[in-house]
Every structure is written in structure tokens, then in C-alpha cells.
Amino acid sequence: MSDSFLLATRIPMSRKEFEQWLDTAAPEVAVVENPEAMFEGRFWDGQPARWQQAEVGVTAREYFAESAGDPYSTCVLVHRDGALEAYLMYFGFREPDIYTALLLFAAAGQVAAAPATVLFWAETSGVLGTADWDGWLATLAVGPARARFSPDLDLVGVVDALRPVEERFFELVELLAEAEEAEQESAAVAPRFLDPAILA
């Protein structure tokens, strides 16, 4: 099993809605219609979801500001071209982080301009899978009306829209490696990778 776990999404919203979301607290698990079905129909089908690990009440701003300084995660999270764009990688199955981020993305869906999908998968290289890949761990549909796990979502458009975000993620990975080798300041908080409003 991989030792790296990723979450990625692109949720359409205005800049005002994005900044409103940053101050939104992670909601109760009930924001997801079927939290127990997180892994149903996917690679981990049959595994229990452990939502008690989620940090309910932390704001998106607090959570992602802390993530930016975490040496065991790599985070791209910005508002760009009319959408919240996120590509998060955790070293190890860090359940509090995974479940908290999913709740925060469900909250983002409530202010979204259109429905979107959050992808969760395991991949040591960090590469985004193809739409028909059988390795997805969970796919969460979010939107103003509801958040719901579903194994039957059409992921073609979702994956295509995330390819530019994936490119920025690997640009960040390369810069972080160069900075570490040269003992320079980290690029993790550069505006291209972490929206300045998160650290405001």
C-alpha cells in the first residue's frame, strides 16, 4: 500500500465566496449525506470510515495555514480562474487531516457556483489517476444542495480540469526539493501555491 495519500478538487466560486469559505468552520459529519459509504464501490470497498478523527470546528484558514508549515504534507490551495483549486498530499494515512479536509471541501460546495467532485487516492508519486482508474479510494460530489459519496461519478471532466493544478503541484515539489538542497527558504507559501488570504 502507498504511504502517500492525496486529495484534489476544483470547486467553482467567486473570490468573495472563497474568502467567505476560508472563515467557515469544518461542519459536522452530517453535512455528508452518506459518510459511511466513503469507500463503497472503490478500491477500499468494505473498509470502515473513521469520521471521529475529523477536527470539526477548525476553519479552512486555520487548517490550511497550519498545513503549509507541515513538513509531512505538500499543499497547493489557491483561488484561480473563478475556482478554489486544491491538490493536497499527505505522507501517511493521516486520518484527522483527510477527514477534516473532506468536511471543509463539503462546506466549500455549499457556497460553490456549480457542483464539483473531490478525489481521494493513494499514490507514492503523487500523480493524478485517469478517469477510469480503478485505484480511487473515494469520490465525493459536493455542491450547494448536498455532499455525497458516489462510485459512479463521471470523472473525465474532473480529471481534465485538475491537470493544470497537478502541474503546479509538481512545480512546487521540485522547488521544495531545490530549496532543501540549497538550504533556502521554502516555496510552500508562495502565492502561486498558497493563496495569500490563507496567511492573512
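The values are calculated or read from the model by the stated rules, or taken from the named source; none is laboratory data. Keep in mind it's a predicted model, so treat the numbers as computed, not measured. In this analysis, Cβ positions are derived from the backbone assuming ideal geometry, glycine residues included, and neighbour counts consider all displayed protein chains. Just so you know, the surface numbers come from the protein's heavy atoms only, side chains and all, with ligands and any DNA or RNA stripped out. Shrake-Rupley method; radii C 1.70, N 1.55, O 1.52, S 1.80 Å.
In debye, nearest 20: dipole of the chain around its Cα centre with unit charges on the Cβ of K, R (+) and D, E (-)?
Numbers: 13 positive and 33 negative charges, 140 e Å.
My answer is approximately 680 debye.
Using a 1.4 Å probe over the heavy atoms of the protein chains, calculate the carbon and sulfur portion of the accessible area of the chain as a whole percent.
50 percent
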### Query
Using the reciprocal of the averaged 1/r over all distinct C-alpha pairs, how large is the Kirkwood radius of the stretch 1-87 in Å?
14.9 Å
### Message
How would the stretch 53-168 be classified by its alpha-carbon gyration tensor: rounded, prolate or oblate, with rounded meaning a/c under 1.5 and the a/b versus b/c comparison settling the rest?
### Response
rounded
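ARG163: net charge of surrounding residues, Cβ under 14 Å, Lys/Arg +1, Asp/Glu -1, itself excluded? Present the calculation step by step, with values, prior to reporting the outcome.
Working: positive: ARG10, ARG80, ARG168; negative: ASP81, GLU85, ASP160, GLU166, GLU167, GLU171.
So the environment of ARG163 carries a net charge of -3.
Roughly what percent of Cα-Cα pairs across the stretch 26-67 reach past 17 Å?
44 percent
Kirkwood Rh over Cα pairs of the chain into Stokes-Einstein at 20 °C, 1.002 mPa s: D in µm²/s? Don't skip to the answer; put the middle values down first.
Numbers: Rh = 16.7 Å.
Once the numbers are plugged in, D ends up at 128 µm²/s.
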## Note on the structure
Sorted by chain and number, the residues with a modelled amide H under 5 Å from that of VAL32, at a separation of 5 or more or across chains, are none
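Accessible area per residue for the chain in Å², computed with a 1.4 Å probe and the full protein assembly in place, what is it?
Averaged over the residues of the chain, the accessible area is 46 Å².
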#### Entry: Listed residues ALA54, ALA25, ALA161, most fluctuating in the chain (Gaussian network, C-alpha, under 10 Å)
ALA161
### Task
Could you tell me which helices of the chain pass both thresholds, a Cα extent of 30 Å or more along their own axis and a mean Kyte-Doolittle hydropathy of at least -1.0, with helices taken as whole DSSP H runs?
156-182
### Query
Where does the longest stretch of the chain lie that holds no GluC sites (Glu not before Pro) found in a DSSP loop with 14 or fewer other Cβ atoms within 10 Å?
34-182
### Task
Under 14 Å from the Cβ of PRO48, count the other residues' Cβ atoms, weight Lys and Arg +1, Asp and Glu -1, and hand me the total.
-2
